[in-house]
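Before any comments, here is the structure.
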Amino acid sequence: MQKKMTMLIFAIIMAIPMSFCVQLAIADQADAIQKGADHIVSLQNSDGFWSWPHDPNGSASNIGGPIGLGLLAAYEQTEDRRHLKAAKDTGNWIVERVKSDLTARFSTFDPLFLLKLSEVTDKRKYKRVVKKLFFKRLKNGTYPKSGGGFNDTAGWIADLQAGRSGNLINLRPWDLAPVVIAAFKIKAADRNLFLQALKDGINTLTAPSTSGFAPPWWETLGLAGGVWGLSTINKEFDPTSGAYSSADSVKDLADALAALQGPDGDFPFSSMDAPEGDLQETAYAILALDAADDDYENNVIKAVAFLLDAQLPNGGWPSSTGGSENVEAEAEALWALSLEEFDDDDDDDDDDDDEGDEGEDD
(Lines give C-alpha, C1' and ligand atoms only; values in the text may rest on other atoms or scores of the structure.)
Protein backbone atom coordinates (compact mmCIF):
# COMPACT_ATOMS: atom_id res chain seq x y z
CA MET A 1 0.00 0.00 0.00
CA GLN A 2 2.78 2.41 0.94
CA LYS A 3 4.55 1.70 -2.37
CA LYS A 4 1.33 2.39 -4.33
CA MET A 5 0.81 5.66 -2.43
CA THR A 6 4.39 6.74 -3.14
CA MET A 7 3.93 6.01 -6.83
CA LEU A 8 0.65 7.96 -6.83
CA ILE A 9 2.28 11.01 -5.21
CA PHE A 10 5.14 10.78 -7.70
CA ALA A 11 2.68 10.62 -10.60
CA ILE A 12 0.82 13.67 -9.30
CA ILE A 13 4.03 15.66 -8.93
CA MET A 14 5.16 14.70 -12.43
CA ALA A 15 1.78 15.78 -13.80
CA ILE A 16 2.12 19.28 -12.38
CA PRO A 17 3.43 21.70 -15.03
CA MET A 18 6.95 22.90 -14.29
CA SER A 19 5.81 26.52 -14.57
CA PHE A 20 3.36 25.90 -11.73
CA CYS A 21 6.15 24.45 -9.55
CA VAL A 22 8.24 27.52 -10.24
CA GLN A 23 5.31 29.76 -9.33
CA LEU A 24 4.90 27.90 -6.03
CA ALA A 25 8.62 28.37 -5.23
CA ILE A 26 8.45 32.07 -6.05
CA ALA A 27 5.33 32.43 -3.90
CA ASP A 28 7.06 30.69 -0.99
CA GLN A 29 10.05 33.01 -1.25
CA ALA A 30 7.85 36.11 -1.53
CA ASP A 31 5.92 35.04 1.57
CA ALA A 32 9.17 34.44 3.47
CA ILE A 33 10.47 37.89 2.52
CA GLN A 34 7.24 39.56 3.64
CA LYS A 35 7.18 37.68 6.95
CA GLY A 36 10.88 38.28 7.57
CA ALA A 37 10.65 42.02 6.94
CA ASP A 38 7.49 42.32 9.06
CA HIS A 39 9.30 40.53 11.89
CA ILE A 40 12.28 42.88 11.76
CA VAL A 41 10.08 45.99 11.61
CA SER A 42 8.21 44.77 14.69
CA LEU A 43 11.48 44.76 16.64
CA GLN A 44 12.54 48.29 15.75
CA ASN A 45 13.03 50.70 18.63
CA SER A 46 11.50 54.16 18.67
CA ASP A 47 14.84 55.79 17.77
CA GLY A 48 15.00 53.82 14.51
CA PHE A 49 17.53 51.22 15.64
CA TRP A 50 17.43 47.74 17.14
CA SER A 51 18.56 45.92 20.24
CA TRP A 52 21.05 43.11 19.87
CA PRO A 53 19.95 40.39 20.29
CA HIS A 54 16.20 40.25 21.05
CA ASP A 55 16.06 41.96 24.40
CA PRO A 56 15.39 45.49 25.63
CA ASN A 57 19.02 46.46 26.23
CA GLY A 58 19.01 49.67 24.21
CA SER A 59 19.86 50.35 20.60
CA ALA A 60 23.11 48.99 19.14
CA SER A 61 24.53 51.63 16.81
CA ASN A 62 26.73 49.23 14.83
CA ILE A 63 24.00 47.00 13.37
CA GLY A 64 21.79 49.52 11.57
CA GLY A 65 23.66 49.24 8.26
CA PRO A 66 23.15 45.54 7.53
CA ILE A 67 19.61 45.63 8.94
CA GLY A 68 18.78 48.60 6.73
CA LEU A 69 20.22 46.85 3.68
CA GLY A 70 18.05 43.83 4.43
CA LEU A 71 14.93 45.95 4.72
CA LEU A 72 15.67 47.85 1.51
CA ALA A 73 16.23 44.62 -0.38
CA ALA A 74 12.95 43.30 0.98
CA TYR A 75 11.12 46.52 0.10
CA GLU A 76 12.18 46.19 -3.53
CA GLN A 77 10.37 42.85 -3.54
CA THR A 78 7.36 43.57 -1.31
CA GLU A 79 6.77 47.26 -2.10
CA ASP A 80 5.46 47.45 1.46
CA ARG A 81 5.91 51.05 2.60
CA ARG A 82 6.35 49.95 6.21
CA HIS A 83 9.60 48.23 5.23
CA LEU A 84 10.84 51.38 3.50
CA LYS A 85 9.81 53.59 6.43
CA ALA A 86 11.74 51.42 8.87
CA ALA A 87 14.85 51.66 6.68
CA LYS A 88 14.42 55.44 6.35
CA ASP A 89 14.08 55.81 10.12
CA THR A 90 17.38 53.96 10.50
CA GLY A 91 19.07 56.07 7.83
CA ASN A 92 17.77 59.31 9.32
CA TRP A 93 19.10 58.28 12.73
CA ILE A 94 22.57 57.67 11.28
CA VAL A 95 22.50 60.98 9.37
CA GLU A 96 21.39 63.04 12.34
CA ARG A 97 23.94 61.36 14.59
CA VAL A 98 26.97 62.02 12.37
CA LYS A 99 25.81 65.55 11.53
CA SER A 100 25.06 66.66 15.08
CA ASP A 101 27.95 64.95 16.89
CA LEU A 102 31.40 65.79 15.54
CA THR A 103 32.85 62.74 17.30
CA ALA A 104 30.29 60.29 15.87
CA ARG A 105 31.64 57.71 13.43
CA PHE A 106 30.13 55.46 10.79
CA SER A 107 29.97 51.72 11.21
CA THR A 108 31.46 49.83 8.28
CA PHE A 109 28.11 48.95 6.66
CA ASP A 110 26.60 52.43 7.11
CA PRO A 111 28.01 54.06 3.94
CA LEU A 112 26.77 51.27 1.67
CA PHE A 113 23.36 51.31 3.35
CA LEU A 114 23.01 55.08 2.95
CA LEU A 115 23.99 54.89 -0.72
CA LYS A 116 21.36 52.22 -1.28
CA LEU A 117 18.82 54.30 0.64
CA SER A 118 19.64 57.28 -1.58
CA GLU A 119 19.08 55.10 -4.64
CA VAL A 120 15.78 53.64 -3.46
CA THR A 121 14.29 56.92 -2.20
CA ASP A 122 15.89 59.18 -4.83
CA LYS A 123 17.00 61.41 -1.95
CA ARG A 124 20.52 62.73 -2.49
CA LYS A 125 20.97 63.78 1.13
CA TYR A 126 22.02 60.27 2.13
CA LYS A 127 24.64 60.10 -0.62
CA ARG A 128 25.94 63.56 0.26
CA VAL A 129 26.45 62.54 3.88
CA VAL A 130 28.49 59.52 2.80
CA LYS A 131 30.64 61.57 0.46
CA LYS A 132 31.19 64.58 2.74
CA LEU A 133 31.20 63.15 6.24
CA PHE A 134 32.87 59.80 5.59
CA PHE A 135 35.03 59.62 2.48
CA LYS A 136 35.95 63.32 2.23
CA ARG A 137 36.80 63.55 5.92
CA LEU A 138 39.01 60.48 5.64
CA LYS A 139 40.74 61.88 2.57
CA ASN A 140 41.38 65.18 4.35
CA GLY A 141 42.44 63.63 7.68
CA THR A 142 39.51 65.13 9.58
CA TYR A 143 37.53 61.99 10.36
CA PRO A 144 36.96 61.53 14.12
CA LYS A 145 39.15 58.90 15.69
CA SER A 146 38.00 56.63 18.50
CA GLY A 147 39.35 58.01 21.74
CA GLY A 148 39.92 61.50 20.34
CA GLY A 149 41.79 63.11 17.52
CA PHE A 150 41.38 62.55 13.80
CA ASN A 151 42.15 59.92 11.17
CA ASP A 152 42.90 59.88 7.48
CA THR A 153 42.14 56.85 5.33
CA ALA A 154 45.38 55.04 6.16
CA GLY A 155 44.88 55.66 9.87
CA TRP A 156 41.27 54.46 9.74
CA ILE A 157 42.37 51.26 8.01
CA ALA A 158 45.13 50.72 10.57
CA ASP A 159 42.66 51.17 13.43
CA LEU A 160 40.24 48.68 11.88
CA GLN A 161 43.06 46.17 11.43
CA ALA A 162 44.13 46.65 15.04
CA GLY A 163 40.57 46.08 16.25
CA ARG A 164 40.20 43.03 14.05
CA SER A 165 43.32 41.17 15.10
CA GLY A 166 44.11 38.09 17.15
CA ASN A 167 41.06 35.85 17.34
CA LEU A 168 39.02 38.43 15.37
CA ILE A 169 41.42 38.70 12.42
CA ASN A 170 39.11 36.86 10.02
CA LEU A 171 36.56 39.68 10.25
CA ARG A 172 38.78 42.11 8.34
CA PRO A 173 37.52 41.24 4.83
CA TRP A 174 33.92 41.14 6.02
CA ASP A 175 34.18 44.59 7.58
CA LEU A 176 36.08 46.09 4.64
CA ALA A 177 33.96 44.69 1.80
CA PRO A 178 30.98 47.08 2.19
CA VAL A 179 33.34 50.06 2.51
CA VAL A 180 35.15 49.03 -0.70
CA ILE A 181 31.86 48.59 -2.56
CA ALA A 182 30.67 52.03 -1.39
CA ALA A 183 34.01 53.65 -2.26
CA PHE A 184 33.97 52.29 -5.80
CA LYS A 185 30.31 53.09 -6.23
CA ILE A 186 30.93 56.81 -5.75
CA LYS A 187 34.50 56.72 -7.12
CA ALA A 188 36.02 57.91 -3.84
CA ALA A 189 39.53 59.28 -4.23
CA ASP A 190 41.03 56.76 -1.79
CA ARG A 191 39.13 53.77 -3.11
CA ASN A 192 42.30 51.87 -4.00
CA LEU A 193 43.56 52.18 -0.42
CA PHE A 194 40.39 50.46 0.77
CA LEU A 195 40.75 47.85 -1.98
CA GLN A 196 44.31 47.06 -0.93
CA ALA A 197 43.19 46.72 2.68
CA LEU A 198 40.53 44.22 1.58
CA LYS A 199 43.16 42.20 -0.28
CA ASP A 200 45.46 42.36 2.76
CA GLY A 201 42.58 41.06 4.86
CA ILE A 202 42.13 38.07 2.59
CA ASN A 203 45.86 37.39 2.90
CA THR A 204 45.46 37.16 6.69
CA LEU A 205 42.51 34.73 6.72
CA THR A 206 43.37 31.95 9.14
CA ALA A 207 41.69 28.58 9.63
CA PRO A 208 41.29 27.36 13.22
CA SER A 209 43.39 24.38 14.21
CA THR A 210 40.42 22.40 15.53
CA SER A 211 36.63 22.27 15.20
CA GLY A 212 34.08 23.41 17.73
CA PHE A 213 34.03 27.22 17.55
CA ALA A 214 37.81 27.33 17.94
CA PRO A 215 39.68 30.59 17.33
CA PRO A 216 40.45 32.47 15.23
CA TRP A 217 36.74 32.81 14.61
CA TRP A 218 34.59 33.63 11.57
CA GLU A 219 36.78 32.18 8.83
CA THR A 220 33.83 31.48 6.52
CA LEU A 221 32.39 34.95 7.09
CA GLY A 222 35.74 36.55 6.23
CA LEU A 223 36.11 34.48 3.07
CA ALA A 224 32.57 35.30 1.98
CA GLY A 225 33.18 39.00 2.65
CA GLY A 226 36.30 38.98 0.48
CA VAL A 227 34.58 37.19 -2.41
CA TRP A 228 31.52 39.45 -2.16
CA GLY A 229 33.54 42.66 -2.13
CA LEU A 230 35.92 41.81 -4.98
CA SER A 231 33.21 40.25 -7.14
CA THR A 232 30.86 43.19 -6.73
CA ILE A 233 33.45 45.69 -7.97
CA ASN A 234 34.83 43.20 -10.51
CA LYS A 235 38.41 43.19 -9.24
CA GLU A 236 40.81 40.26 -9.52
CA PHE A 237 43.16 39.02 -6.81
CA ASP A 238 45.79 36.31 -6.35
CA PRO A 239 46.32 35.71 -2.60
CA THR A 240 49.94 35.35 -1.53
CA SER A 241 49.55 34.26 2.10
CA GLY A 242 47.07 33.02 4.65
CA ALA A 243 44.72 30.05 4.58
CA TYR A 244 43.84 30.63 0.92
CA SER A 245 47.29 31.34 -0.52
CA SER A 246 46.88 28.41 -2.93
CA ALA A 247 44.08 30.30 -4.71
CA ASP A 248 45.12 32.06 -7.92
CA SER A 249 42.01 34.16 -8.44
CA VAL A 250 38.73 35.34 -7.00
CA LYS A 251 37.15 32.40 -8.82
CA ASP A 252 39.39 30.06 -6.80
CA LEU A 253 38.31 31.81 -3.60
CA ALA A 254 34.66 31.43 -4.61
CA ASP A 255 35.28 27.75 -5.35
CA ALA A 256 36.75 27.34 -1.86
CA LEU A 257 33.68 29.01 -0.35
CA ALA A 258 31.26 26.91 -2.38
CA ALA A 259 33.09 23.76 -1.29
CA LEU A 260 32.19 24.51 2.34
CA GLN A 261 28.45 24.18 1.70
CA GLY A 262 26.74 21.35 3.51
CA PRO A 263 24.20 18.91 2.07
CA ASP A 264 21.30 20.93 3.50
CA GLY A 265 22.50 24.12 1.80
CA ASP A 266 23.94 25.90 4.84
CA PHE A 267 27.53 27.00 5.38
CA PRO A 268 29.73 26.28 8.41
CA PHE A 269 31.38 28.61 10.87
CA SER A 270 34.83 27.61 9.56
CA SER A 271 36.52 25.12 7.26
CA MET A 272 37.13 22.94 10.32
CA ASP A 273 33.47 22.77 11.33
CA ALA A 274 30.48 20.95 9.90
CA PRO A 275 27.51 23.16 8.96
CA GLU A 276 25.14 23.66 11.88
CA GLY A 277 22.59 25.99 10.37
CA ASP A 278 24.88 29.01 10.69
CA LEU A 279 22.62 31.84 9.53
CA GLN A 280 25.06 34.69 9.05
CA GLU A 281 27.62 32.58 7.20
CA THR A 282 24.94 31.22 4.88
CA ALA A 283 23.53 34.69 4.15
CA TYR A 284 26.90 36.15 3.19
CA ALA A 285 27.83 33.05 1.20
CA ILE A 286 24.70 33.69 -0.88
CA LEU A 287 25.68 37.34 -1.41
CA ALA A 288 29.23 36.33 -2.34
CA LEU A 289 28.44 33.46 -4.69
CA ASP A 290 25.62 35.36 -6.36
CA ALA A 291 28.04 38.22 -7.06
CA ALA A 292 30.85 35.90 -8.14
CA ASP A 293 29.54 33.96 -11.12
CA ASP A 294 26.58 32.14 -12.61
CA ASP A 295 28.52 28.91 -12.01
CA TYR A 296 27.29 29.01 -8.40
CA GLU A 297 23.58 29.20 -9.17
CA ASN A 298 22.92 25.74 -7.74
CA ASN A 299 24.83 26.65 -4.55
CA VAL A 300 22.72 29.78 -4.18
CA ILE A 301 19.48 27.89 -4.82
CA LYS A 302 20.36 25.30 -2.17
CA ALA A 303 21.30 28.00 0.34
CA VAL A 304 18.07 29.92 -0.31
CA ALA A 305 16.11 26.69 0.18
CA PHE A 306 17.87 26.27 3.53
CA LEU A 307 16.86 29.78 4.60
CA LEU A 308 13.25 29.15 3.59
CA ASP A 309 13.17 25.91 5.54
CA ALA A 310 14.85 27.40 8.60
CA GLN A 311 12.48 30.37 8.94
CA LEU A 312 10.49 30.40 12.16
CA PRO A 313 6.71 30.87 12.36
CA ASN A 314 7.25 34.44 13.64
CA GLY A 315 9.17 35.34 10.47
CA GLY A 316 12.60 35.30 12.09
CA TRP A 317 15.46 32.83 11.97
CA PRO A 318 17.60 31.06 14.56
CA SER A 319 21.24 32.14 14.44
CA SER A 320 22.14 28.44 14.21
CA THR A 321 20.31 25.14 14.58
CA GLY A 322 18.55 25.33 17.94
CA GLY A 323 20.07 28.76 18.60
CA SER A 324 18.48 32.02 19.64
CA GLU A 325 17.35 34.79 17.28
CA ASN A 326 19.62 37.68 16.39
CA VAL A 327 18.09 40.61 14.52
CA GLU A 328 21.27 41.50 12.61
CA ALA A 329 21.68 37.96 11.25
CA GLU A 330 17.95 37.76 10.53
CA ALA A 331 18.16 40.91 8.42
CA GLU A 332 21.18 39.52 6.60
CA ALA A 333 19.20 36.38 5.80
CA LEU A 334 16.38 38.62 4.54
CA TRP A 335 18.88 40.53 2.39
CA ALA A 336 20.16 37.30 0.86
CA LEU A 337 16.61 36.11 0.12
CA SER A 338 15.75 39.42 -1.55
CA LEU A 339 18.80 39.80 -3.76
CA GLU A 340 18.74 42.88 -5.94
CA GLU A 341 21.86 44.33 -7.52
CA PHE A 342 22.66 48.01 -7.14
CA ASP A 343 21.77 50.13 -10.14
CA ASP A 344 24.71 51.58 -12.03
CA ASP A 345 25.17 55.02 -10.51
CA ASP A 346 27.73 57.03 -12.42
CA ASP A 347 25.92 60.35 -12.21
CA ASP A 348 28.22 63.16 -11.20
CA ASP A 349 25.67 65.96 -11.04
CA ASP A 350 25.63 66.26 -7.25
CA ASP A 351 26.49 69.68 -5.93
CA ASP A 352 29.10 68.07 -3.71
CA ASP A 353 31.03 65.96 -6.20
CA ASP A 354 34.26 66.21 -4.27
CA GLU A 355 35.58 62.67 -4.73
CA GLY A 356 36.18 62.46 -8.45
CA ASP A 357 38.35 60.05 -10.37
CA GLU A 358 41.78 60.71 -8.92
CA GLY A 359 44.09 57.79 -9.55
CA GLU A 360 43.75 54.71 -11.68
CA ASP A 361 41.93 51.66 -10.39
CA ASP A 362 44.09 48.66 -9.67
Note to self: No solvent, one uniform scatterer per C-alpha: report log10 I(q)/I(0) for region 96-173 via the Debye equation at q = 0.21 1/Å, two decimals.
What the structure shows: -0.99
Check: Using +1 on the beta carbon of Lys and Arg, -1 on that of Asp and Glu, and nothing else charged, what's the dipole of the chain about the Cα centre, debye to 20?
Finding: 1080
Check: Can you give the helix-only mean residue ellipticity at 222 nm for the chain, where every DSSP H stretch with n ≥ 4 adds -39500 (n - 2.57) and the sum goes over all residues, rounded to the nearest 500 deg cm²/dmol?
Finding: -17000 deg cm²/dmol
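Compute the accessible area per residue over the chain, keeping the other protein chains in place, probe 1.4 Å, unit Å². Don't skip to the answer; put the middle values down first.
On the way: 16330 Å² over 362 residues.
Accessible surface, normalised per residue, equals 45 Å².
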Next item on the list: Sort largest first and round to whole Å: the equivalent ellipsoid semi-axes of region 215-281, each the square root of five times a Cα gyration tensor eigenvalue.
Entry: 21, 13, 11
Next item on the list: Report, in degrees rounded to the nearest 10, the 0 to 90 angle that the Cα long axis of helix 327-337 makes with the longest principal axis of the chain.
Entry: 70
Check: For the chain, which whole percent of the accessible surface, found with a 1.4 angstrom probe, sits on carbon and sulfur atoms?
Finding: 51
Margin query: Could you sort the peptides 167-175, 255-263, 81-89 by per-residue average Cβ neighbour count (10 Å cutoff), highest mean leading?
Written below: 167-175, 81-89, 255-263
Item checked: Theoretical gain in end-to-end length, Asn314 to Ala104 [0.36 nm per residue, Cα-Cα removed] -> 72.1 nm
Check: Roughly how tilted is helix 153-163, in degrees to the nearest 10 and between 0 and 90, from the longest Cα axis of the chain?
Finding: 50
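Taking only the Cα atoms of region 81-216, how large is their convex hull per residue, in Å³?
Numbers: hull volume 16.3 nm³, N = 136.
Expressed per residue, the convex hull around the Cα atoms of region 81-216 is 120 Å³.
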Notebook entry, point to check: Using 0.36 nm per residue, how much length does the chain from Phe150 to Lys132 gain when fully extended, once their Cα-Cα distance is taken away?
Noted result: 5.0 nm
Item checked: Full-extension gain in nm, Asp122 to Asp159, via 0.36 nm per residue minus C-alpha separation -> 10.0 nm
Next item on the list: Taking the chain as the reference, fit the longest principal axis to its C-alpha atoms, fit the long axis of helix 191-203 to the helix C-alpha atoms, and give the angle between the two in degrees, 0 to 90, nearest 10.
Entry: 50
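The values are calculated or read from the model by the stated rules, or taken from the named source; none is laboratory data. Keep in mind the model is a prediction, meaning the values are calculated, not measured. Neighbour counts run over all protein chains shown; Cβ positions are idealised from the backbone, glycine included. All accessible areas refer to the heavy atoms of the entire protein, side chains included, with ligands and DNA or RNA removed. Shrake-Rupley method; radii C 1.70, N 1.55, O 1.52, S 1.80 Å.
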